[in-house]
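First up is the structure itself, then whatever we jot down about it.
Each value in this text was obtained by applying a stated rule to the coordinates, not by laboratory testing. Because the structure is a prediction, the values reported are computed rather than measured. Counting neighbours? That spans all protein chains shown, and the Cβs are built from the backbone with ideal geometry, glycine included.
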Amino acid sequence: MSESATVLSLGTPAEFRLACPRCRQPFPCGVDLLRCPACELRFACDGGVWHLLPPERELALRRFVTEYREVRRHEGWGSRGPAYYRALPFRDLTGRFEKIWRIRAASFTTLIHQVLRPMETHRERPLAILDVGAGNGWLSHRLSERGHRLAAVDLSDDARDGLGAHVHYPTAFTKVLADFDHLPFADQQADLVVFNAALHYSPDCTATLAEALRVLRRGGRLVVMDTPFYRTAESGARMVHERQEAFLAAHGFPADACGGEGFLTYRRLAKLAAVLGVRFRLLHPSPFWSMAVASLVEQLAGRRETAVFPLVVGARP
């Protein structure tokens, strides 16, 4: 696909400056072991993935990560060979989640054309990008192909559906097991932070976005991609309730271990903008309007509106 073609070849960019996720003290250089000079926490690199969860956060998130992995394996995410991963997001070679990947492919294309290309033209250098909620790393791979410097951040290092799948890509990027609210990066070093189908897992979007803004450089961009949007909070709450009931019936345990907000509304986004001092604009991938019409039809028929997936782009004034 043309969207994945390399556009920059300005040499190999430097590594990200990692910092203690607890106290934010930058780490001294380390090959496969990092030690915080302030609080003396130690973190290791295992299988190419930096494990940068402080003990208290690892304990708090353990149930969510365990259940999430179990459910994703049961649903059949991932594959054994590299062809599957390298075809994403344009093709799902398993055929299991084609509708989801069509939405993500449209979002990715919009990200490239309307966000990334203008930034590339303006900066004329490789961008430092955080892929937050990276999953199997497909987005980090695609953007690395364009010559950018990527850090893939996720709570799972699963070999099929998490950061462990990095072995299937020919590109190199930094892999970090970390909590979205305690990003292990020094301040003001990212040009772009992308929440990759991930922000709705946050129990407090204000805190999560504030942490992302901390690591953004002046003039950087914040993108929320593939998070469900509703016109009314009531519709979003009904969706969450319906999903929890279906999840409990299918898996035998509730789906609220992380307590994420689950969705966004336009009013919620306006409140986030006011609190954080960020201006947001909405971009509409190609399926957006057909999905919006379908949602309106559902409402007129007295049913719950269906979600739409705009691309949200934020910047400080």
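When Rg and the Kirkwood Rh are both derived from Cα coordinates, the Rg/Rh ratio for the range 58-198 amounts to 0.96.
Counting only DSSP beta bridges whose two residues both lie in the chain, roughly 40 percent are antiparallel.
Can you check what the net charge comes to around Thr265, using other residues whose Cβ is under 14 Å from the Cβ of Thr265 (Lys, Arg +1; Asp, Glu -1)? Its environment carries a net charge of +3. Counting neighbouring Cβ atoms within 10 Å and putting the fewest first, the residues His74, His284, His166 line up as His74, His284, His166. For the residues Arg214, Arg80, Arg24, a GNM of the chain with alpha-carbon springs under 10 Å puts the largest fluctuation on Arg80.
Quick one: which residues, 5 or more positions from Gln25 or on another chain, have an amide H under 5 Å from its amide H? H modelled 1.01 Å from N in the peptide plane, none for Pro or chain starts. When sequence neighbours closer than 5 places are left aside, the close amide H contacts are Cys20. Tally Lys and Arg at +1 and Asp and Glu at -1 over the other residues with C-beta under 10 Å from the C-beta of Asp187: what net charge comes out? Surrounding charge for Asp187 is +4.
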